[in-house]
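The values are calculated or read from the model by the stated rules, or taken from the named source; none is laboratory data. Because the structure is predicted, anything quoted here is derived from the model rather than measured. Cβ coordinates were reconstructed from backbone atoms using ideal geometry, including for glycine residues, and neighbour counts include every protein chain displayed.
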């Protein structure tokens, strides 16, 4: 999904309230830039993970939830770990330190006019995608977390649970062309996140 795809189709129903809140902030920044000559850039990150993540049993996101589940299953020598959904959806993940570096890069090097574009209605927008550019299925992600954590037994995918959006991949090529790219690859990032989880049990 490139930046100019925003609001060109209906929002995905399970993400709609969250998306509307984010879009309102983006549109507000664009309006300030037009009306008051400000220099706001809306950074749009993909799914994030990393140091200090939320590993709560009930309300964590997929990657930290898998880390916790795999760790607890390893500790109990459980025969299996249940993963919600079919495992088929595709996701993109970015390590939180990479997002921080991307934001600093934008602050220090980029004026909003450098990335501004007009949408189909002629509205000038200045948001930019920040992502890794790599996607992975939930099944492969679970296998990777399993390997990092050292859980040796079976993964069971519960297709009765929701999959969510089939695919979430951002086109971050505009930011790459400006000179920024992420440094932490997914497996290394998961290793760092797992170490953080262990340090904060």
Exercise. Can you find even one residue in segment 4-23 that is surrounded by fewer than 13 Cβ atoms within 10 Å (Cβ to Cβ), assigned to a loop (DSSP other than H, G, I, E, B) and without any contact (Cβ under 8 Å) to a residue 24 or more places away in the chain?
Worked result: yes
For this session: Restrict the check to segment 105-126 and report whether at least one residue is in a helix (DSSP H, G or I), under 26 Å from residue 192 (Cβ atoms) and in contact with a strand residue (DSSP E or B) (Cβ under 9 Å, 6 or more places away or on another chain).
Result: yes
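Take residue 150 and decide whether it is modelled with pLDDT of 95 or more and at positive phi. Quick ask: steps written out before the conclusion?
Numbers: modelled with pLDDT of 95 or more: yes; at positive phi: yes.
Criteria met by residue 150.
What is the residue count in segment 112-135 for residues that are surrounded by fewer than 17 Cβ atoms within 10 Å (Cβ to Cβ) and under 19 Å from residue 33 (Cα atoms)?
Looking only at segment 112-135, we keep the residues that are surrounded by fewer than 17 Cβ atoms within 10 Å (Cβ to Cβ), and these are 113-114, 116-124, 134.
Add one more test, that the residue is under 19 Å from residue 33 (Cα atoms), and what stays is 113-114, 116-124.
Residues that pass the stated criteria total 11.
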Exercise. Could you give every pair whose Cβ atoms fall below 7 Å, whose first residue belongs to segment 114-137 and is more than 28 Å from residue 90 (Cα to Cα), and whose second residue is in a loop (DSSP other than H, G, I, E, B), counting only separations of at least 6 or pairs across chains?
Worked result: 116/126; 124/116
